[in-house]
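First the structure, in the form of structure tokens, and then the observations on it.
Any read-out appearing in this document is the output of simple, stated calculations on the displayed coordinates, not a laboratory observation. All of these numbers come straight from a predicted model, not from anything done at the bench. Methodologically, a virtual Cβ is constructed for each residue, glycine included, from the backbone with ideal geometry; neighbour enumeration extends over all protein chains shown.
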Amino acid sequence: MLDRAFGRSPTFLVGTSDQRQNLENLHRHGEHLAEEYQRNKPLCFSAGAFQKTHPQKAAQGHRDADATLVSPVVLGVADGVSQVEEFGIDSSELPNELLLACERVAMQQLMPDRSGHLDGSYRGPIPLMRESFRSTSSIGSTTVALAVLDNSTRIHGKLHPMVAVLSIGDCQLLIMRQDTHTGNLELCFQTEMQRIGGHCQSPLQLCRIDERIDADFDERIAYEVIERGSSVHCVSVYEGDIIVVGSDGVFDNLFEQEVLAICSSMLPPDRSSKRFVPTDPALLGQIARRIVEVSHSKTQRGVRGEYPRTPIGLGGKRDDTGCVVGEVVEWTELHSEVWAQHRRRDLRREQRLSCGGLFGACCRQEPLRSSPRRMPEMVDIHAGHVSNRRMHDSMGSDFDDSDDEDGRCTIS
């Protein structure tokens with residue numbers, strides 16, 4: 001019976017009316033501050049990611065609809081709603097396009113210059129998500145979770161970097177920190193899943209569909225979901241903090257303490273030394289892979305024929321599974337130099353793609369849906385890319401943008 005229940009059921013597409021009725025109940029907003037002061041320095045992410053659809057799901061020809069994002073200032077996972085495949089829609093397109101847009105907007109607004117200063121255009125995670133979604137055009141539906149590193153926040157006049165966490169639906173995010181006394185890695189923050197009626201197949205979703213699927217669909221509901229339904233938290237972060245972002249394929253099958261145990265067992269044991277040494281990003285990618293593999297193993301029977309216990313019951317759910325594991329590290333001048341090159345390369349690519357086909361040779365060099373991008377080998381530690389591969393180290397809104405400042409993580 002279990003095999004025909006959670007094991008094989010897709011994520012359901014939630015209708016416009018059901019989403020609108022539940023926005024107020026699902027909305028969350030909070031600040032999680034720690035006023036411990038550290039040296040005045042900007043921070044960034046070093047991270048690795050891994051994703052893989054469940055083998056039994058892949059054997060049935062299902063597309064991997066997960067997407068993952070790794071960059072110095074934003075980490076993310078998006079999980080496309082597979083039910084749209086029944087209407088001939090590629091469920092992977094919207095999550096991938098959305099995360100690419102989030103990366104582009106975040107890099108424009110949050111990249112420090114060589115002196116560590118920002119240009120002041122960042123107004124918080126909700127405006128960032130709104131602008132990113134507005135720039136997409138793909139049809140589909142997705143859940144999403146982002147960690148956005150804001151180096152502009154100050155407490156009592158001193159620089160106090162924070163991570164703005166935004167989630168829509170049932171992707172989840174954990175932040176772990178080493179206890180200064182015991183040296184043990186401890187869970188210090190986690191998001192909650194947003195599900196309609198608590199149903200594990202009906203998460204809150206960010207979607208763009210047409211009348212063939214939902215006759216009542218109005219794209220304004222997507223902006224309502226972003227504005228009124230997003231779960232937003234601002235969390236103090238410090239060098240060495242570990243951030244795990246995963247799709248429901250991870251957190252429907254693994255308890256938070258199991259994820260914590262995997263990270264603790266694979267991270268170097270000497271992280272409590274006075275001089276912080278960043279973790280090799282290849283190891284962070286291996287941790288992400290291990291989390292995905294253990295998630296899939298929870299859907300298999302044990303030696304006695306029993307299913308393992310999971311957050312949604314025995315045997316969990318066979319699903320697309322994406323995971324990003326990041327570490328908070330100091331931003332250096334090398335990062336600025338490399339990402340300036342990265343941005344210039346992207347600008348040249350966009351210029352070629354927007355030439356209108358007048359110069360056929362240049363337009364054929366790179367397709368619109370580019371493959372995951374990588375930094376030069378010497379700094380692959382911060383390879384910024386969106387991917388729906390297995391492993392890797394529009395309409396406007398009717399909402400007024402004048403209140404963007406309210407969405408920032410700013411402590412006077």
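Here are a few things to note about the model shown:
- Ranked by the mean number of other Cβ atoms within 10 Å per residue, highest first, peptides 84-96, 174-186, 136-148 order as 136-148, 84-96, 174-186.
- In terms of packing, defined here as the mean over residues of other Cβ atoms within 10 angstrom, the peptides 215-224, 251-260, 303-312 line up highest first as 251-260, 215-224, 303-312.
- Cα Rg, Dmax (largest Cα-Cα span) when computed across region 203-269, Å: 18.1, 56
- Partner lysines for K158 [C-alpha distance under 21 Å; skip if fewer than 8 residues away on the same chain]: K41
- Ranked packing of 231-237, 294-300, 203-209, most packed first, by mean Cβ within 10 Å: 203-209, 231-237, 294-300
- Whole-angstrom Cα spans of region 47-140 along principal axes, big to small: 52, 28, 15
- 5 angstrom amide H check on D66, placed H, neighbours 5+ away: G80
- Pairwise FRET efficiency - H181 versus T332, Cβ, R0 = 30 Å, nearest 0.05: 0.55
- Simple label model, 7 Å out from Cα along Cβ direction - E239 to E256, nm: 2.8
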